[in-house]
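**Student:** Submitted below is the structure of interest, expressed as structure tokens.
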Amino acid sequence: MDLIPTTGALGVALLLMAARGSRDHGDIDAAEAAYEELLQARPHLVSLELELAAMRLEHGRLDAAVRQLRQRLSFAQIGSDEDRRQLEALLLEALLRQERWVEAEPLLRALWSRGQAEPHHLLALARGLEGIGQDEQALAVLGTALEGDDLDPEARLELQVELARRLRKLGRLQKAIEAMSLAVLLAPERLPLAMELTEVRAQALIERGEEALAREDWTEARRAYQSLLDLRPDDATALQRLELLQSLDPAGLQHSPEAGAGDLPGWRQDAAERLAGFSQLLDRLEQAAAAEGAPPAEPPAAPPAA
């Protein structure tokens with residue numbers, strides 16, 4: 001590029017024309033050089049900084065954009081509040097596109113607290129933080145997003161569903177049920193959300209029932225699996241567990257308060273004992289049947305004649 005003087009308004013105007021012309025024709029290296037020369041001559045022109053950063057983002061020069069924007073944001077004098085907001089928004093976009101989640105989080109929180117971030121930014125950050133194992137931070141980001149009163153209904157629904165799924169994945173099923181119930185209230189016409197809520201409730205009931213079985217709380221186990229059967233009448237797990245509980249006859253397994261904890265056999269041992277008793281009964285029946293069908297015994301032989 002031919003050298004263009006940057007002194008005076010005419011020189012700045014010519015250099016700006018050269019920068020934009022190179023950008024529009026796809027010569028990004030030449031455009032970058034022209035913008036940087038302009039900013040050296042006119043460092044107070046934030047609009048030029050924004051043009052350069054936006055061009056770098058558009059053409060994937062993210063590292064350069066991050067360095068440039070951070071340098072500008074470190075200046076004591078930046079410009080107006082709107083200038084700062086636009087610079088921070090571009091920096092956030094660059095960090096998110098580079099998946100630099102941890103660096104993006106404080107900036108995004110600051111922007112969101114001032115009402116200057118978009119819901120899709122928060123959603124992207126939450127997913128990114130989860131991807132690097134920062135589950136609590138991801139939940140906090142979603143919670144922060146849902147605190148806003150002026151969210152677009154579709155954005156609120158998307159964030160609410162994301163929160164419910166994150167909670168379910170972490171095993172916090174009761175909170176997941178609460179979150180998904182709110183999502184269903186936001187969009188009652190969306191059948192898949194209602195079905196997903198049913199699945200979370202079923203998972204919570206199965207977990208509750210299995211925990212009750214493990215501690216031999218037959219009453220609580222029966223209650224959990226009966227609730228599961230009410231929720232899903234053909235649920236195989238509920239039917240199997242209720243059949244097992246019926247065979248164990250929990251009412252007959254209650255021990256007296258005076259009995260020690262060691263006097264009560266576990267449900268597996270008790271089931272094995274019942275099976276063994278049933279097998280013995282079958283053996284006795286088979287023996288009796290065999291005895292009835294046997295030929296009559298021969299009379300004893302007569303003693304020999306004297």
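The values are calculated or read from the model by the stated rules, or taken from the named source; none is laboratory data. None of these values were measured; they are calculated from a predicted model. Cβ atoms come from the backbone with ideal geometry, glycine included; neighbour counts cover every protein chain shown. Please note that ligands, DNA and RNA were not included when accessible areas were found on the heavy atoms of the full protein model with its side chains. Shrake-Rupley method; radii C 1.70, N 1.55, O 1.52, S 1.80 Å.
**Student:** Which pairs have Cβ atoms under 6 Å, sit 6 or more apart or on different chains, and link a residue in the range 166-188 that is surrounded by fewer than 20 Cβ atoms within 10 Å (Cβ to Cβ) to one that is among the β-branched types (V, I, T) and at pLDDT 95 or above?
**Tutor:** Between residues of the range 166-188 that are surrounded by fewer than 20 Cβ atoms within 10 Å (Cβ to Cβ) and residues that are among the β-branched types (V, I, T) and at pLDDT 95 or above, the close pairs are I177/V200.
**Student:** Among I177, I132, which is the only one that is among the β-branched types (V, I, T) and over 25 Å from D230 (Cβ atoms)?
**Tutor:** Checking each option against the conditions leaves just I132.
**Student:** Consider only pairs whose beta carbons are under 8 Å apart and that are at least six residues apart or on different chains; among these, list those whose first residue lies in the range 230-258 and is at pLDDT 85 or above and whose second residue is open to solvent by 70 Å² or more (accessible area, probe 1.4 Å).
**Tutor:** The qualifying pairs are L231/R201; A238/Q226; L242/R222; L242/Q226; L245/R222.
**Student:** Could I ask something else about it? When you check R114 against the structure, is it in contact (Cβ under 8 Å) with a residue 24 or more places away in the chain, within 25 Å of D152 (Cβ to Cβ) and exposed (fewer than 13 other Cβ atoms within 10 Å of the Cβ), yes or no?
**Tutor:** yes
**Student:** If you take the residues in the range 196-217 that are of a type in the set (A, V, I, L, M, F, W, C), without any contact (Cβ under 8 Å) to a residue 40 or more places away in the chain and open to solvent by less than 40 Å² (accessible area, probe 1.4 Å), which one is farthest from V184 (Cα to Cα)?
**Tutor:** Here the answer is A212.
**Student:** To continue, here is another question. Take the range 136-161 and flag every residue that is open to solvent by 60 Å² or more (accessible area, probe 1.4 Å) and within 16 Å of the chain's Cα centre (by Cα).
**Tutor:** Those that are open to solvent by 60 Å² or more (accessible area, probe 1.4 Å) and within 16 Å of the chain's Cα centre (by Cα): E136, Q137, E158.
**Student:** Only one of (1) free of Cβ contacts under 8 Å to residues at least 24 places away in the same chain; (2) in contact with a Gly (Cβ under 8 Å, 6 or more places away or on another chain) is not met by A18, so which one is it?
**Tutor:** Evaluating A18 over (1) free of Cβ contacts under 8 Å to residues at least 24 places away in the same chain; (2) in contact with a Gly (Cβ under 8 Å, 6 or more places away or on another chain) leaves (2) as the failure.
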